[in-house]
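The values are calculated or read from the model by the stated rules, or taken from the named source; none is laboratory data. Note that the structure is predicted; figures quoted are calculated from it, not measured. Cβ placement follows ideal geometry from the backbone for every residue including glycine, while neighbour counts extend to all protein chains displayed. The accessibility values were calculated without ligands, DNA or RNA, using every heavy atom of the protein model including side chains. Shrake-Rupley method; radii C 1.70, N 1.55, O 1.52, S 1.80 Å.
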Amino acid sequence: YNAVDVTMIAQEAAARAIADGKNECQVAAAVDYIFAESAAAQAFPSIVGSGVNATVLHYTDNCRYMKAGECVIVDVGASLNHYCGDLTRTYPVSGTFTARQKEVYTAVLEVQQHLAAVAQPGMWLRNDEHKEKSLYHIMHECFKARKLDQYIAHGVGHFLGLDVHDVGDGKEPLQEGDVITIEPGIYIPEDSLGIRIEDNYWIVQGGAVCLSEALPSDVAAIEAMVQQNF
(Lines give C-alpha, C1' and ligand atoms only; values in the text may rest on other atoms or scores of the structure.)
Protein backbone atom coordinates (compact mmCIF):
# COMPACT_ATOMS: atom_id res chain seq x y z
CA TYR A 1 0.00 0.00 0.00
CA ASN A 2 0.99 3.62 -0.48
CA ALA A 3 -0.37 6.78 1.14
CA VAL A 4 -3.06 7.30 -1.52
CA ASP A 5 -4.22 3.66 -1.25
CA VAL A 6 -4.61 3.93 2.53
CA THR A 7 -6.44 7.24 2.18
CA MET A 8 -8.90 5.67 -0.28
CA ILE A 9 -9.62 2.83 2.18
CA ALA A 10 -10.10 5.40 4.94
CA GLN A 11 -12.64 7.27 2.81
CA GLU A 12 -14.61 4.05 2.33
CA ALA A 13 -14.56 3.49 6.10
CA ALA A 14 -15.71 7.08 6.65
CA ALA A 15 -18.67 6.62 4.31
CA ARG A 16 -19.77 3.55 6.27
CA ALA A 17 -19.63 5.53 9.53
CA ILE A 18 -21.97 8.28 8.33
CA ALA A 19 -25.59 8.23 9.52
CA ASP A 20 -28.25 10.52 10.94
CA GLY A 21 -27.57 11.21 14.63
CA LYS A 22 -23.95 10.06 14.60
CA ASN A 23 -21.18 12.46 15.52
CA GLU A 24 -18.53 13.79 13.16
CA CYS A 25 -15.90 12.42 15.57
CA GLN A 26 -17.16 8.87 14.90
CA VAL A 27 -16.36 9.35 11.22
CA ALA A 28 -12.93 10.74 12.09
CA ALA A 29 -12.36 7.73 14.35
CA ALA A 30 -13.14 5.34 11.49
CA VAL A 31 -10.49 7.13 9.43
CA ASP A 32 -7.95 7.00 12.26
CA TYR A 33 -8.57 3.26 12.70
CA ILE A 34 -7.65 2.57 9.07
CA PHE A 35 -4.55 4.74 9.35
CA ALA A 36 -3.39 2.97 12.52
CA GLU A 37 -4.15 -0.47 11.09
CA SER A 38 -2.03 0.41 8.04
CA ALA A 39 0.91 1.76 10.09
CA ALA A 40 0.16 5.20 8.66
CA ALA A 41 -0.23 8.57 10.39
CA GLN A 42 -2.38 11.59 9.67
CA ALA A 43 -0.78 13.79 7.02
CA PHE A 44 -2.87 16.63 8.50
CA PRO A 45 -5.72 16.89 11.04
CA SER A 46 -8.76 15.14 9.56
CA ILE A 47 -11.65 17.35 8.46
CA VAL A 48 -15.18 16.00 8.95
CA GLY A 49 -17.63 18.87 8.48
CA SER A 50 -21.38 18.38 8.29
CA GLY A 51 -24.09 20.94 7.54
CA VAL A 52 -22.83 24.49 7.95
CA ASN A 53 -19.46 23.13 9.15
CA ALA A 54 -18.88 21.98 5.56
CA THR A 55 -18.62 25.67 4.59
CA VAL A 56 -15.75 26.28 7.06
CA LEU A 57 -12.35 25.66 5.47
CA HIS A 58 -9.98 23.62 7.64
CA TYR A 59 -12.71 22.86 10.17
CA THR A 60 -11.20 20.29 12.57
CA ASP A 61 -13.42 20.35 15.68
CA ASN A 62 -15.26 17.24 14.38
CA CYS A 63 -17.77 17.33 17.25
CA ARG A 64 -21.19 17.99 15.72
CA TYR A 65 -24.03 15.50 15.37
CA MET A 66 -24.89 14.88 11.72
CA LYS A 67 -28.47 15.22 10.54
CA ALA A 68 -30.36 13.63 7.66
CA GLY A 69 -30.75 16.07 4.78
CA GLU A 70 -27.25 17.49 5.23
CA CYS A 71 -23.99 16.82 3.44
CA VAL A 72 -20.70 16.06 5.16
CA ILE A 73 -17.25 16.85 3.76
CA VAL A 74 -14.55 14.31 4.63
CA ASP A 75 -11.06 15.64 3.80
CA VAL A 76 -8.38 13.25 5.06
CA GLY A 77 -4.88 12.11 4.19
CA ALA A 78 -2.56 9.33 5.25
CA SER A 79 1.17 9.75 5.70
CA LEU A 80 2.99 6.51 4.90
CA ASN A 81 6.64 5.85 4.08
CA HIS A 82 7.21 9.62 4.20
CA TYR A 83 4.64 10.37 1.45
CA CYS A 84 1.19 11.93 1.81
CA GLY A 85 -2.24 11.35 0.36
CA ASP A 86 -5.00 13.98 0.41
CA LEU A 87 -8.51 13.05 -0.71
CA THR A 88 -11.88 14.72 -0.18
CA ARG A 89 -15.34 13.31 -0.73
CA THR A 90 -18.71 14.84 0.10
CA TYR A 91 -21.42 12.46 1.29
CA PRO A 92 -25.17 12.86 1.93
CA VAL A 93 -25.90 11.95 5.55
CA SER A 94 -29.23 10.34 4.61
CA GLY A 95 -27.64 8.31 1.80
CA THR A 96 -29.39 10.37 -0.89
CA PHE A 97 -28.62 13.88 -2.14
CA THR A 98 -31.45 16.40 -2.26
CA ALA A 99 -32.15 17.95 -5.67
CA ARG A 100 -30.15 21.09 -4.77
CA GLN A 101 -27.25 19.11 -3.31
CA LYS A 102 -27.14 16.89 -6.39
CA GLU A 103 -27.17 19.95 -8.67
CA VAL A 104 -24.19 21.56 -6.90
CA TYR A 105 -22.36 18.24 -6.48
CA THR A 106 -22.71 17.47 -10.18
CA ALA A 107 -21.38 20.92 -11.07
CA VAL A 108 -18.30 20.45 -8.86
CA LEU A 109 -17.68 16.96 -10.28
CA GLU A 110 -17.98 18.17 -13.89
CA VAL A 111 -15.55 21.01 -13.22
CA GLN A 112 -13.06 18.62 -11.61
CA GLN A 113 -13.31 16.21 -14.55
CA HIS A 114 -12.71 19.07 -16.98
CA LEU A 115 -9.68 20.29 -15.03
CA ALA A 116 -8.23 16.77 -14.90
CA ALA A 117 -8.70 16.45 -18.66
CA VAL A 118 -6.74 19.63 -19.44
CA ALA A 119 -4.03 19.34 -16.75
CA GLN A 120 -0.63 18.60 -18.32
CA PRO A 121 2.94 19.91 -18.41
CA GLY A 122 2.94 23.59 -19.36
CA MET A 123 -0.26 24.41 -17.47
CA TRP A 124 -0.14 26.33 -14.19
CA LEU A 125 -2.04 25.72 -10.96
CA ARG A 126 -2.57 29.47 -11.02
CA ASN A 127 -1.15 32.14 -13.28
CA ASP A 128 -2.87 35.52 -13.44
CA GLU A 129 -1.01 36.47 -16.64
CA HIS A 130 -1.75 33.29 -18.63
CA LYS A 131 -5.35 32.61 -17.62
CA GLU A 132 -5.97 30.28 -20.55
CA LYS A 133 -3.31 27.93 -19.12
CA SER A 134 -4.22 28.49 -15.46
CA LEU A 135 -6.23 25.69 -13.84
CA TYR A 136 -7.56 28.14 -11.25
CA HIS A 137 -8.90 30.53 -13.86
CA ILE A 138 -10.36 27.69 -15.92
CA MET A 139 -12.12 26.49 -12.75
CA HIS A 140 -13.42 30.01 -12.14
CA GLU A 141 -14.83 30.31 -15.66
CA CYS A 142 -16.49 26.89 -15.41
CA PHE A 143 -18.25 27.85 -12.17
CA LYS A 144 -19.13 31.29 -13.58
CA ALA A 145 -20.92 29.58 -16.47
CA ARG A 146 -22.93 27.69 -13.83
CA LYS A 147 -23.61 30.90 -11.82
CA LEU A 148 -21.66 29.50 -8.84
CA ASP A 149 -18.44 31.53 -9.04
CA GLN A 150 -19.37 33.73 -6.03
CA TYR A 151 -19.19 30.60 -3.86
CA ILE A 152 -15.55 29.72 -4.63
CA ALA A 153 -13.51 29.94 -1.41
CA HIS A 154 -10.05 28.49 -2.21
CA GLY A 155 -7.58 27.59 -4.91
CA VAL A 156 -7.73 24.76 -7.41
CA GLY A 157 -5.15 22.52 -5.75
CA HIS A 158 -1.58 22.21 -4.51
CA PHE A 159 1.59 20.18 -4.87
CA LEU A 160 1.63 16.87 -2.97
CA GLY A 161 4.53 14.70 -1.85
CA LEU A 162 6.69 14.49 1.27
CA ASP A 163 4.39 17.14 2.76
CA VAL A 164 0.66 17.45 2.17
CA HIS A 165 1.16 20.99 0.83
CA ASP A 166 4.46 20.10 -0.71
CA VAL A 167 7.10 22.47 -2.03
CA GLY A 168 6.66 23.45 -5.63
CA ASP A 169 7.17 26.71 -7.48
CA GLY A 170 3.74 28.05 -8.37
CA LYS A 171 5.43 30.62 -10.58
CA GLU A 172 6.62 27.80 -12.86
CA PRO A 173 4.37 25.71 -15.10
CA LEU A 174 3.61 22.11 -14.18
CA GLN A 175 6.14 19.60 -15.42
CA GLU A 176 6.35 15.84 -15.84
CA GLY A 177 6.65 14.08 -12.49
CA ASP A 178 4.76 16.66 -10.46
CA VAL A 179 2.03 15.31 -8.18
CA ILE A 180 -0.84 17.69 -7.47
CA THR A 181 -4.34 17.79 -6.06
CA ILE A 182 -7.31 19.03 -8.06
CA GLU A 183 -10.02 20.01 -5.60
CA PRO A 184 -12.75 22.37 -6.77
CA GLY A 185 -15.24 23.31 -4.09
CA ILE A 186 -18.41 25.35 -3.71
CA TYR A 187 -19.53 26.72 -0.34
CA ILE A 188 -23.01 28.21 0.16
CA PRO A 189 -23.40 29.29 3.81
CA GLU A 190 -27.04 30.34 3.41
CA ASP A 191 -27.85 26.76 2.36
CA SER A 192 -25.49 25.24 4.98
CA LEU A 193 -23.97 23.44 2.00
CA GLY A 194 -20.36 22.76 1.17
CA ILE A 195 -19.24 20.45 -1.65
CA ARG A 196 -15.60 19.57 -2.31
CA ILE A 197 -14.17 16.74 -4.41
CA GLU A 198 -10.41 16.21 -4.28
CA ASP A 199 -8.23 13.68 -6.07
CA ASN A 200 -4.49 13.24 -6.49
CA TYR A 201 -2.88 13.44 -9.93
CA TRP A 202 0.51 12.58 -11.40
CA ILE A 203 1.50 14.93 -14.22
CA VAL A 204 2.82 12.92 -17.19
CA GLN A 205 3.62 13.71 -20.81
CA GLY A 206 0.48 15.11 -22.39
CA GLY A 207 -1.81 14.78 -19.41
CA ALA A 208 -2.47 13.76 -15.80
CA VAL A 209 -2.98 10.30 -14.27
CA CYS A 210 -5.47 10.08 -11.39
CA LEU A 211 -3.76 8.17 -8.57
CA SER A 212 -7.05 7.89 -6.66
CA GLU A 213 -9.22 6.73 -9.56
CA ALA A 214 -10.30 3.62 -7.62
CA LEU A 215 -12.25 5.79 -5.17
CA PRO A 216 -15.51 6.65 -6.96
CA SER A 217 -16.97 10.12 -7.00
CA ASP A 218 -20.09 9.88 -9.18
CA VAL A 219 -23.42 10.56 -7.48
CA ALA A 220 -24.75 6.98 -7.55
CA ALA A 221 -21.55 5.49 -6.14
CA ILE A 222 -21.27 8.09 -3.37
CA GLU A 223 -24.87 7.47 -2.32
CA ALA A 224 -24.29 3.70 -2.38
CA MET A 225 -21.18 4.02 -0.19
CA VAL A 226 -23.25 5.66 2.54
CA GLN A 227 -26.29 3.41 2.08
CA GLN A 228 -24.31 0.18 2.57
CA ASN A 229 -23.93 1.21 6.20
CA PHE A 230 -27.69 1.24 6.84
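Here are some notes:
- Loop exposure criterion: trypsin sites (Lys or Arg not before Pro), DSSP state outside H, G, I, E and B, at most 12 other Cβ atoms within 10 Å. Applied to the chain, the longest stretch between such sites is 1-146.
- Non-local Lys pairs in the chain, i.e. 8 or more apart or on different chains, that have alpha carbons under 24 Å apart: 11
- Dipole check for segment 57-172: with +1 at the C-beta of Lys and Arg, -1 at the C-beta of Asp and Glu, and the Cα centre as origin, the magnitude is about 540 Debye.
- With at most 14 neighbouring Cβ atoms within 10 Å, loop GluC sites (Glu not before Pro) (DSSP) excluded, longest segment of the chain: 1-128
- Derived scalar couplings between HN and Hα for segment 182-194 equal 10, 9, x, x, 10, 10, 10, x, 5, 9, 6, 10, x Hz in order, rounded to whole Hz, by the Karplus curve 6.51 cos²θ - 1.76 cosθ + 1.60 (θ = phi - 60°), x for Gly and Pro.
- Among Q11, A99, A29 the positive-end extreme of the charge dipole of the chain (Cβ point charges): A99
- Accessible area of segment 103-171 divided out per residue, in Å², using a probe of 1.4 angstrom: 53 Å²
- Cα-Cα pairs of the chain separated by more than 23 Å (percent): 44 percent
- Only Lys, Arg, Asp and Glu carry charge here, each on its Cβ (+1 for the first two, -1 for the last two); on that basis the chain has a dipole of about 560 debye about its Cα centre.
- Between segment 102-174 and segment 50-70, the alpha-carbon center distance in angstrom: 24 Å
- The slack between K133 and H58, meaning 0.36 nm per residue of separation minus the straight C-alpha distance, is 24.2 nm.
- Rounded if a/c under 1.5, otherwise prolate or oblate - segment 1-55, Cα gyration tensor axes: prolate
- Accessible surface of the chain [probe 1.4 Å, protein heavy atoms]: carbon and sulfur percent: 51 percent
- A Förster distance of 35 Å, applied to the separation of the beta-carbon atoms of H82 and A29, puts the FRET efficiency at 0.90.
- 3J(HN,Hα) couplings calculated from phi for segment 127-133 with the Karplus curve 6.51 cos²θ - 1.76 cosθ + 1.60 (θ = phi - 60°) are, in sequence order, 8, 6, 9, 10, 5, 6, 10 Hz; Gly and Pro show x.
- Cβ-Cβ FRET estimate between N2 and A220, R0 fixed at 25 Å, reported to 0.05: 0.35
- Counting charges near P216 (Lys, Arg +1; Asp, Glu -1) among other residues having Cβ under 12 Å from its Cβ returns a value of -4.
- Between V167 and F44, residue separation times 0.36 nm minus the direct Cα-Cα distance comes to 42.7 nm.
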